[in-house]
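Read through the structure below, which is laid out as structure tokens, and then see the notes.
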Protein chains: 2
Amino acid sequence: MRAQEQLQSFQPLIEREEGRGQVILVCEHASNVVPEAFGTLGLSRAQLEAHIAWDPGALGLARGLSRRLDATLINAPVSRLVYDCNRAPDMPGAMPTRSEIHDIPGNALISDEERLARTKAIYLPFQNGLHNLLAERIALGRRPVVVTIHSFTPVYFGKPRDVEFGVIHDADPAYAQAIVRAARQATQLVTELNAPYSAADDVTHTLRIAATPYGLQNAMLEIRNDLIATAEAQEAMAELIAPVLNMGLVEIQRQAKAG
Amino acid sequence: MRAQEQLQSFQPLIEREEGRGQVILVCEHASNVVPEAFGTLGLSRAQLEAHIAWDPGALGLARGLSRRLDATLINAPVSRLVYDCNRAPDMPGAMPTRSEIHDIPGNALISDEERLARTKAIYLPFQNGLHNLLAERIALGRRPVVVTIHSFTPVYFGKPRDVEFGVIHDADPAYAQAIVRAARQATQLVTELNAPYSAADDVTHTLRIAATPYGLQNAMLEIRNDLIATAEAQEAMAELIAPVLNMGLVEIQRQAKAG
């Protein structure tokens with residue numbers, strides 16, 4: 001960011017705002033847009049199209065799920081390399097100087113003022129926007145279920161990953177566990193709980209800040225991005241996973257009644 | 001609220017915004033103002049001046065602490081009877097139909113639309129305003145400590161309360177415990193941990209939503225309101241408690257270094 005430059009505010013994008021489904025879909029890494037004020041962050045075009053800049057395929061998958069579940073979808077309009085909305089402002093990953101094997105030159109020397117400016121321009125509008133969505137539904141007597149949609153790279157630090165569908169939870173594991181059971185029953189996806197990483201790796205910030213304090217059921221979905229590389233593949237994956245999310249909802253509702 | 005009426009937004013009041021102290025003071029029950037749209041909620045003037053409408057003395061005490069600790073203070077500008085900012089929108093206490101021995105006629109039949117309108121007009125600006133304050137400091141590398149300031153009635157359901165100073169914690173008890181130790185050492189106040197009620201009574205919503213997800217140290221202070229009934233008494237209490245809060249900060253910093 002150039003010195004003295006005022007950073008505009010980047011409001012989250014909300015789709016299907018009047019959705020009647022119980023699930024609220026969240027896509028923090030939907031976009032690889034780097035606003036003009038940041039130039040290219042010193043990266044090549046190839047780097048800015050790779051998984052370090054966003055979660056390829058996640059937005060398309062989220063939109064497919066949104067249609068099928070009549071679920072409101074909120075997504076961040078800016079690359080995670082400028083501000084990763086799934087990280088608190090003091091986490092190293094919020095404005096990373098390095099991602100996997102790539103240095104991010106534009107983030108190498110961030111002043112306190114710039115860190116503050118990015119937090120105010122990107123992180124706070126996103127998380128407050130999500131908070132508004134959730135609290136408004138709670139006020140109406142609904143209990144939204146928060147599902148964040150992510151994709152992960154098939155090869156990380158040179159090592160292939162076998163898992164295809166990871167389901168991660170924050171404090172309350174119930175919905176994530178129910179989704180894993182449903183996916184194993186209804187799909188052929190290699191499905192794992194808390195893979196390829198977990199809350200212990202500080203990847204559940206959105207769930208922790210938005211869902212857990214209200215006691216809302218929640219899960220973070222991670223799809224291997226080679227499985228959702230095209231619009232057609234994203235649609236097919238949404239068609240596969242939407243019923244799995246619904247089966248999970250039925251199960252946690254049954255548990256709630258029994259418990 | 002009269003039908004079809006648009007409710008204005010009530011922004012929280014922020015004092016000493018540039019304060020350099022580590023503590024952020026929060027006063028959810030600072031005001032007994034009932035906006036005109038709500039009439040008197042069916043209550044008498046005496047009821048609207050009593051503890052059911054606000055925490056008498058809490059704002060004066062908070063201001064005295066703010067000056068002594070150079071602490072930013074955020075307070076709600078509307079009576080807890082219209083919306084209690086220390087309650088989630090689905091908690092019965094958010095827009096109570098009854099408080100202690102008093103029915104609140106103006107809250108007896110609240111439509112979903114009005115519940116939503118109050119949430120958007122009062123609760124969300126307050127909690128998002130607090131979130132902004134905290135996240136901005138975190139972005140600057142500071143670790144704010146959240147202290148909410150409350151007062152309680154000396155007689156509740158006809159029963160006198162002996163405790164004078166209650167210190168309540170959410171998930172992390174460290175700061176509350178340190179404050180209790182310091183108060184017992186440095187003052188004559190009858191001081192108790194988690195009295196006259198505790199997080200189990202759902203009274204720590206602000207701490208739970210604003211402090212706990214960021215791992216911020218926090219405490220909820222409860223002063224018996226007969227001890228802070230006048231401006232002079234509020235000043236005297238601030239003079240007594242400010243050093244106690246500082247002693248507590250020193251202790252948790254020592255624990256953090258040792259741990």
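The numbers here are math on the coordinates, done by the rules we state, and not lab data. Since we're looking at a predicted model, the values are computed, not measured. No Cβ is skipped: glycine too gets one built from the backbone with ideal geometry, and neighbour counts run over all protein chains shown.
Structure above, values below:
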quantity	calculated
³J(HN,Hα), Karplus 6.51/-1.76/1.60, whole Hz, each residue of the range B:150-155, x for Gly, Pro	9, 10, 10, 7, x, 10
Distance (nanometres) between label positions extended 7 Å along Cα→Cβ at A:E36 and A:T97	3.0
Sites excluded, trypsin sites (Lys or Arg not before Pro) in DSSP loops with at most 12 other C-beta within 10 Å, longest stretch of chain B	B:21-259
Closest-to-axis residue of chain A (Cβ criterion, axis taking A to B), whole Å	A:N128, 2
Longest site-free stretch - chain A; sites: GluC sites (Glu not before Pro), DSSP loop, at most 15 other Cβ within 10 Å	A:101-259
Backbone HN-Hα couplings from phi across the range A:207-219 [Karplus 6.51/-1.76/1.60, Hz, Gly and Pro as x]	4, 5, 8, 9, 9, 4, x, 9, x, 7, 4, 7, 7
Amide H contacts of A:V23 (H built 1.01 Å from N, under 5 Å, at least 5 apart or other chain)	A:V145
Debye intensity ratio I(q)/I(0), log10, chain B, q values 0.14, 0.17 Å⁻¹ (C-alpha model)	-0.92, -1.35
Label spacing, shortest first and in nm, from A:Q188 to its equivalents in the remaining copies (7 angstrom along Cα→Cβ)	8.1
